[in-house]
1. Which pairs turn up if I take residues in the range 19-30 that are under 21 Å from Arg57 (Cβ atoms) and look for partners that are buried (at least 16 other Cβ atoms within 10 Å of the Cβ) and of a type in the set (Ser, Thr, Tyr) with beta carbon separation below 8 Å, at least 6 apart in sequence or on another chain?
2. Within the bounds of the range 71-94, is there any residue that is among the acidic types (Asp, Glu) and over 15 Å from the mean Cα position of the chain (by Cα)?
3. Can Arg59 be described as among the basic types (Lys, Arg), in a loop (DSSP other than H, G, I, E, B) and either touching a residue at least 24 places away in the same chain (Cβ under 8 Å) or more than 20 Å from Met1 (Cβ to Cβ) (or both)?
4. What number of residues within the range 65-92 satisfy the criterion of being among the small types (Gly, Ala, Ser) and surrounded by 14 or more Cβ atoms within 10 Å (Cβ to Cβ)?
5. What number of residues in the range 1-56 are of a type in the set (Ser, Thr, Tyr) and part of a strand (DSSP E or B)?
6. Using beta carbons and a limit of 8 Å, which pairs, at least six apart or on different chains, have the first residue in the range 80-93 and without any contact (Cβ under 8 Å) to a residue 40 or more places away in the chain and the second one not hydroxyl-bearing (Ser, Thr, Tyr)?
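Where a number appears in this text, it was derived from the coordinates with a stated rule and is not lab data. The model shown is predicted, which means the values in this text are computed figures rather than measured ones. Virtual Cβ from ideal backbone geometry, glycine too; neighbours counted across all protein chains shown.
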Amino acid sequence: MTTLDPKIASRLKRNQDGLVCAVAQRRSTGEVLMVAWMDDEALALTLETRQATYFSRSRNKLWVKGETSGHTQQVHEVRLDCDGDTVLLVVDQEGAACHTGAATCFDEDRLL
């Protein structure tokens, strides 16, 4: 198990399940690709490997983006928002970002 640096861990505001929201953004365009969740270990692994690692709430386990699909996220920056409740991953996306096969998770429904 990889451990998150205590200085970073102390700044996080996690939800009741111990998770923090993670937003993935395409480095080249600034486009928002997807939103997922991270626990401390997922964030620590992301920082260590530069491969986006998230926590799947439905499967109750860690997953590395692209481990089965090949649609990987190479992480170039990780930023913590001012409230400590969201991290921003600036990534190079290989293939589709959304599990539906769409380029982003925000391609389907424009509300306004």
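1. Filtered contacts from the range 19-30: Val20/Thr86; Cys21/Thr86; Ala22/Tyr54; Ala22/Thr86; Val23/Thr86.
2. Checked the range 71-94: at least one residue is among the acidic types (Asp, Glu) and over 15 Å from the mean Cα position of the chain (by Cα).
3. no
4. Within the range 65-92, residues that are among the small types (Gly, Ala, Ser) and surrounded by 14 or more Cβ atoms within 10 Å (Cβ to Cβ) number 2.
5. The number of residues fulfilling the criteria is 3.
6. Correct list of pairs: Asp81/Val87; Asp81/Leu88.
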